[in-house]
Amino acid sequence: MPLTVRHVRESALSIAVLVSLSVCAAQAQQSQGNAVEVDESALRYFAREGDIDRLNAEIARLKALYPQWVPPADPLSIPGGTDAREEALWQLYSQGDFAQIRAQIAENQRQEPSWAPSEALLDALVASEIRARLINASDLGQFETVLRVANDHPELMTCADYDVLWRVAEAYAETDLDERSAEAYRYVLENCDGPAERFATMQKAMTDLKRPAMVELLRLERSAPSGEGEFEGIRDELARRSVAESNADTTLFASPEDLSRVAGLFDNGQQVNDALMLGWYHLQRENVPDASEWFERASRVEQTAVGAQGLALVQIARGEFTQAEATLAPWRDTSEAARSVYLAAAANLLSGDPAPQVDETVLQRIVPEVVTARDAATARQLGWYARNFKQHETARQWFETALAWDPANEPSAYGLALSYVDLGKKDEAKAIKTEWDSRSQRIAAISIPTRRAGSSGDSVPRITDCSSPVSPSRLSPGTALGRGWCLLDAGRPIDATQAFARALQSSSQKIRSDAAYGQSLAYIRAGFVDQAAVAATQARQTPERSNEIMASILSERATAAYNRGRYREALQILDRRAQIAAEQVGLMVIRGYAYYNLKQYWRAAEVFDAAAKAGSTEAAEGLKLAQTARRKRW
Amino acid sequence: MIQSARLFQAGALAAAMVLPAPSGAGPSPELVRPEEWRAYAEAFLEPSGRIVDTGNGGISHSEGQGYGMLLAYLASMQADFERIWSFTQAELKVRDDGLVAWKWDPGAEPPVTDINNASDGEILIAYALALAGADWGRPDYLEIASQMTTALGDAVLDPRAYGLLLLPGVDGFSAEDRADGPVVNLSYWVFEAFPVLAALDPSNDWKAVSQTGETLVATTQIGARGLPPEWLSLADVPKSAEEFAPEFGYNALRIPLYLMRAGLHDQKTLSRFLKATDLGGGYALSDLASGELVAVLEEPGYRAINALAGCILGRGSLPADLSDFEPTHYYPSTLHLLVLSYARKEMPQCL
C-alpha cells in the first residue's frame, strides 16, 4: 500500500491508544523482569483520608503500569507516613492544588537540598498535571495536543477515568482518524464494566462515529440483569438520529426499520417529538397522508407550535388554506418559523381564484402579522385580494407597502401599476411604467388607460392563482413565466424556480431574460445563494438587474461568511458588493462587527459611527464596544 | 521525535556555553530583592500560579506568565517560578503546535478566550526557563525551552527584504494574511533573550532576527517625534499598520527598555526615545501623525525607563522615589522591576 501523508500522520498519532490498549502487557514483562517495586504510599494516604475515588483511580493507574501487581487488601497497613512534609503534599494533592505542590517541593528543597518527595507522589502529581492539560487542550479543540499527551502517558487511560478515554476517542475523530476513534471506544467496551458509563460511552461514540462503526460497537453489548441488551436505548437513539438526519438533509432516507422503530417508540412512550419527527420526514418527501397522520397523532399528545406548523403545511399542500390559517393562528407569533408558515398560509388563502370570501376576523389577524414581519409577499397578496373585490384604493396601498418593503420586487410594482390604472391615476401609472420599462415586460405592456395589450409571441399571461398543482413541463414558456411570478408571490420560491426553468426554454430573449431574473430571485428567497448566482447567468440581463441580483447574492454570502466566523472573507464580499450597490445599514453593522472581531477597532468604530448616525441602535452599541476596545492595550 | 531530540542536545550544549553555570541558586545577590518579589507576588500572583493583569480586567496572558517567571528567577524564588510554570503549562501551553495560547480570562469557560499565540510570550517563557534551567540544574526546563524556541522559530520567522522578521503571532500578520503584511511589533524583540534563543535553537537564525530588530528600531522614525509605531507594516515603506492606532503606545515603550537591558546603549537611539517621550513628570505616549500626546503615564514603572536611559546618557542616577519598588498595576510594576534588576547588575552607579 502506498504510504500517504495520512498514513504517516496516523502512525504518528495512533501510538497512544494502541500502546495503552495493549501495551501494558509489554510494560508488565519489563517491570517483572526488573522486579520494579511498586510505590503504594498514595494508596495508604487516600485510604486514610477515606478518598475512595482517588484510591480507585490510583489502583487503576498502578494496574495500568504494572498489570501483574495485586493491590494490597488493606491499604492502611502499607508502611510509611513518617514524613510530615510528604503528608502535607498529599493533603494538597487531594485538594487539587498542583501548582502549590510544585512550589512547596521547591521550597522544601531550598531548605533541605537532599530532601525529595516519594516517587508515588511525583508520579501522581505528573499524572494529574498531564490530565489537566489534556482536558484543557480538549476543551479548546487542540486535539493533536490531546493525542500527544495521551501518547506520552498511556497510563492515564484507565477505566477509572472515562472522561479521559472519551476525550481521546473524540480527539481521534476530530483529527479524522475515525478508525482510531472506534478502537478507543471499543477498548472501553471491552475492558470497562460500569453499566452507566458503558451506556454513556455509546452515547459519546454516537457523536463521533458513523452508523457502520456504531453497528460494530453494538456487537459488544452485554445483557442487563433483566435479560434485555444494555444498548437497546442506543438503537433507539440511532433510529431517531437517522430520521433526524434525513429531515435535515432531504437527499438522505431513513431505513424502514428506523422509521418503524421510531413509530414504535412513539406508540410506547408517547413522546411528541417522535411523532413530529416522523411527520416532518414524510412531509418533506411529499407523503402528505402519512405526514398528516403523524402530525395529527402528535397533536393528540400535545399541542405544539412545531406540530401546528407541520399540520398547517399539510393543509397548505392539500389546498385547505382556510384550515391552515386557523391551525397556525394561535401560534403565529411564537417564532419566526411559525410566523413565516402562517404568512404562507395567509398568502395562499388570499390568492384563491375565484377570490375567496375571507372572514373579517381572519383578515384582522393576518394584517398585523404582515405588518410585523414586513412581509412583502403577503402584503402584495392583500393587494390582489382587495383588487379582486374592486377595492382599488386599498389595493394600491398594499401594493405600495409591498414595494416599499421590497423595492426591487417586480410583482409589487406590477400590482401597483394596475391599481393606478384602476384608479385612473395615469401619471403615476406612467411613472411606474417608465421606471420598470427595461426590467419588466408585463409592466411595459400595461396600457393606459383603455387599450389592452395585444397578444404577441412574447406576452406573458397574468396568473394570480397558481395553487393547483401543474407540472411546468406542460406549460408554454410564457405561461410558465407567469406561473413562476405567481408562485414567487405566493411564497413558494422552490416551485417558482421550476416554473422559471421551463420559461428559460423560450425562444424569446425577453422571456428568457425575465425567467433567469425570476429564477435567481426565487433562489435567493429560498436561501440557495449559489444556485441564484448560476441562474442569473442563464440569460443576458440588463445591467440594473444583474446588479440587483448580484447585490442580493453578495449580501447573503457576506452574512453567511460572517456567521461562520470568516470575518475577512465577509469584508471582501462586502467590498465587492459596495462597488455595485450602496451598503444598507444592516450590512454596515455586519461590516463593523467583522472589523471588530478582527480587532480592527478603528475601522469598526468608523463604520459603526456612520451606521449609528443612520439610526441603527445595533451600530450604536457596536460603537461603544469598539471605542472601549480601542482604549485597551490589547 | 528523533530529530528534535538531536536538536535539543545541540541546543542544550550550546546553551550551556551562553548560560550561567549551575549554581543551585539564582543570580547572586538577588537582582530582584526578596521584599520586592513578595510585594509583587502579593499584588499580582495567585496561588494557582497565575499572573493577574490588574490593569486589564484581571485577565492573564502568556507575556505576564513569562515576565513572572523571569522576575521569579531574578529573585531566586524557585518555588514561585515552579508555581507560575505549572499554571502556564497546564492552562496555556496546549496548542497543537506546542506554542502557548496568549489569553486567559477567569470569567470565561473555557478560560482561554483566544487560542492564538503571542511571540513575545513564548520568548519570555523560553528565556526564563533557559536561565532557570541552567542556573538551577534543571535539564527538563532546558529541554522544553529548546522545543518551544524551535517551534516558535519554525512558525513565526519570516525572511523579508528588511531581514529575518519576528512575526507577532503564527496567524494573522504575514503578507499572506493581510494586505499590509508583514506586520511586526518592535516591542516583541526581547533583545537580551536572542543569544539564549540562538543557543537553544541552532536550526533558526535568532542572531539575524536580533540584528533585524536593531536595524528597524534604529531606522523607523515616523512623524515629528521620530518614533516607531506600535504595529509596523513592512509591506513597503515602513509605516503604522492599518486598523491599529498610529501611535507610540503601551507596547512600544518597552523598546528602549529592552535595548538597555541587552546592553545596546547607542547614544543616538536612546536620546531619540528619551527626547520624544520624557515629560519630566511622566512618560509620554503620542500620536505619530500629529505628534500630539495620547497619554502621559505617571506611574513609577514607566518613568523608571526614562530615568535609566537618562543615567546611561550621563544625566545622573535614578531619583529616590524610583529606586524603591512599590507595586501599582501589573504592567508598570513589571517594567519597574526589570529596570531595577538591570541597574543593580550592570549600572549600580545609577541607583
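Taken together, the values in this text are just the output of simple stated rules run on the coordinates, not laboratory data. Computed from a predicted model, the values in this text were never measured in an experiment. Every residue, glycine among them, receives a Cβ derived from its backbone with ideal geometry; neighbour counts consider all protein chains shown.
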Using the alpha-carbon centroid of each, what span in Å lies between the range A:279-314 and the range A:37-72? 57
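Would you mind computing the Rg to Rh ratio of the range A:182-246 from its alpha-carbon coordinates, Kirkwood style for Rh?
Values: Rg = 11.4 Å, Rh = 12.0 Å.
Rg divided by Rh gives 0.95.
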Considering the options A:Val585, A:Ile135, A:Ala386, tell which one lies farthest towards the positive end of the dipole of chain A, charges being +1 on Lys and Arg and -1 on Asp and Glu at the Cβ, about the Cα centre. A:Ala386
Can you compute 3J(HN,Hα) from phi for each residue in the range A:565-572, using the Karplus curve 6.51 cos²θ - 1.76 cosθ + 1.60 with θ = phi - 60°, rounded to whole Hz and x for Gly and Pro? x, 9, 5, 4, 4, 4, 5, 4
Charge dipole (the range A:253-355, unit charges on Cβ, about Cα centre) - positive-most of A:Trp331, A:Leu311, A:Ser255: A:Trp331
Farthest toward the dipole's positive end in chain A, which of A:Ala64, A:Thr322, A:Ala480, given Cβ charges of +1 (Lys, Arg) and -1 (Asp, Glu) about the Cα centre? A:Ala480
For chain B, with a Gaussian network of springs between Cα atoms less than 10 Å apart, report the residue from B:Asn56, B:Asn117, B:Asn251 with the top mean-square fluctuation. B:Asn56
Between the range B:284-313 and the range A:474-518, how far is it from one alpha carbon centroid to the other, in angstrom? 70
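To the nearest 20 Debye, how big is the dipole of the range A:215-341 about its Cα centre, given +1 on the beta carbon of each Lys and Arg and -1 on that of each Asp and Glu?
Numbers: 12 positive and 22 negative charges, 43 e Å.
Computed charge dipole of the range A:215-341: roughly 200 debye.
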Using Cβ counts within 10 Å as a stand-in for footprinting exposure, how do A:Phe608, B:Phe273 rank, fewest first? B:Phe273, A:Phe608
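Within a Cβ distance under 11 Å of A:Ala116, other residues only, what is the Lys/Arg minus Asp/Glu net charge? Could the numbers behind the result be given before it?
Numbers: positive: A:Arg85; negative: A:Asp83, A:Glu86, A:Glu112, A:Glu119.
Taking every Cβ under 11 Å from that of A:Ala116, the sum is -3.
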Compute the separation of the alpha-carbon centres of the range B:183-217 and the range A:99-113 and state it in Å as a whole number. 34
Among all the aspartates and glutamates, which ones have a C-alpha under 15 Å from B:Lys345's C-alpha, if same-chain residues fewer than 8 places away are not counted? B:Glu30, B:Glu192
J(HN,Hα) series, the range A:311-321, from Karplus relation 6.51 cos²θ - 1.76 cosθ + 1.60, nearest Hz, glycine and proline x: 4, 5, 5, 4, 5, 4, 4, 8, x, 8, 6
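How would you rank B:Asp266, A:Asp495, going from fewest to most other Cβ atoms within 10 Å of each one's own Cβ?
Working: B:Asp266 12, A:Asp495 21.
In increasing order of surrounding Cβ atoms, one gets B:Asp266, A:Asp495.
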By a straight-distance test (C-alpha under 24 Å), which lysines pair with A:Lys510 as possible cross-link partners, with residues fewer than eight away in the same chain excluded? A:Lys430, A:Lys433
Using alpha-carbon positions, the gyration tensor of chain B gives root eigenvalues a ≥ b ≥ c; with a/c under 1.5 called rounded, otherwise prolate if a/b exceeds b/c, else oblate, the class is rounded
Taking every alpha carbon pair in the range A:579-634 and sorting the distances into 10 angstrom bins from 0 up to the bin holding the longest one, the percent per bin comes out as 30, 52, 16, 2
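Excluding A:Gln284 itself, what net charge comes from residues whose Cβ is under 13 Å from its Cβ, given Lys and Arg +1 and Asp and Glu -1? Don't jump to the answer; show the numbers that get you there.
Values: positive: A:Arg285; negative: A:Glu245, A:Asp249, A:Glu286, A:Asp290.
Local charge sum for A:Gln284: -3.
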Please compare each pair in A:Lys599/B:Lys103; A:Lys599/B:Lys239; A:Lys204/B:Lys93; A:Lys390/A:Lys425; A:Lys599/A:Lys624 to a cut-off of 20 Å on the Cα-Cα distance and tell me which ones are over it. A:Lys204/B:Lys93
If you put +1 on each Lys and Arg Cβ and -1 on each Asp and Glu Cβ, how big is the dipole of the range B:124-200 around its Cα centre, in Debye rounded to 20? 140
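Taking the Cα centre of the range A:314-424 as origin and charging only Cβ (+1 Lys, Arg; -1 Asp, Glu), how large is the dipole, in debye to the nearest 20? Walk me through the numbers before you get to the answer.
Numbers: 9 positive and 14 negative charges, 6 e Å.
The calculated dipole for the range A:314-424 is roughly 20 debye.
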Any aspartates and glutamates whose Cα falls less than 16 Å from that of B:Lys268, other than same-chain ones fewer than 8 residues away, would be B:Glu214, B:Asp278
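What shape does the range A:120-263 have by the C-alpha gyration tensor, where a ≥ b ≥ c are the square roots of the eigenvalues, rounded means a/c under 1.5, and otherwise prolate means a/b greater than b/c and oblate the rest? Intermediate values should be presented prior to the final figure.
Numbers: a/c = 3.01, a/b = 1.67, b/c = 1.81.
Cα axes put the range A:120-263 in the oblate bin.
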Over all viewing directions the Cα convex hull of the protein assembly as shown casts an average projected area in nm² of 50.6
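Give the shape of the range A:362-500 as rounded, prolate or oblate, defined through the alpha-carbon gyration tensor: a ≥ b ≥ c are the square roots of its eigenvalues, a/c under 1.5 means rounded, and otherwise the shape is prolate if a/b is larger than b/c and oblate if not. Can you show the working numbers first?
Working: a/c = 1.73, a/b = 1.05, b/c = 1.65.
Oblate is the answer for the range A:362-500, as a/c is 1.5 or above yet b/c matches or exceeds a/b.
Would you list B:Asp201, B:Asp278 from fewest to most Cβ contacts within 10 Å? Write out the running numbers ahead of the final one.
Details: B:Asp201 27, B:Asp278 19.
Ranking B:Asp201, B:Asp278 by Cβ neighbours within 10 Å, fewest first, gives B:Asp278, B:Asp201.
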Calculated from backbone phi, Karplus (6.51, -1.76, 1.60) coupling profile of the range A:106-118 in Hz, x at Gly/Pro: 4, 5, 4, 6, 5, 6, 9, x, 7, 6, 8, x, 5
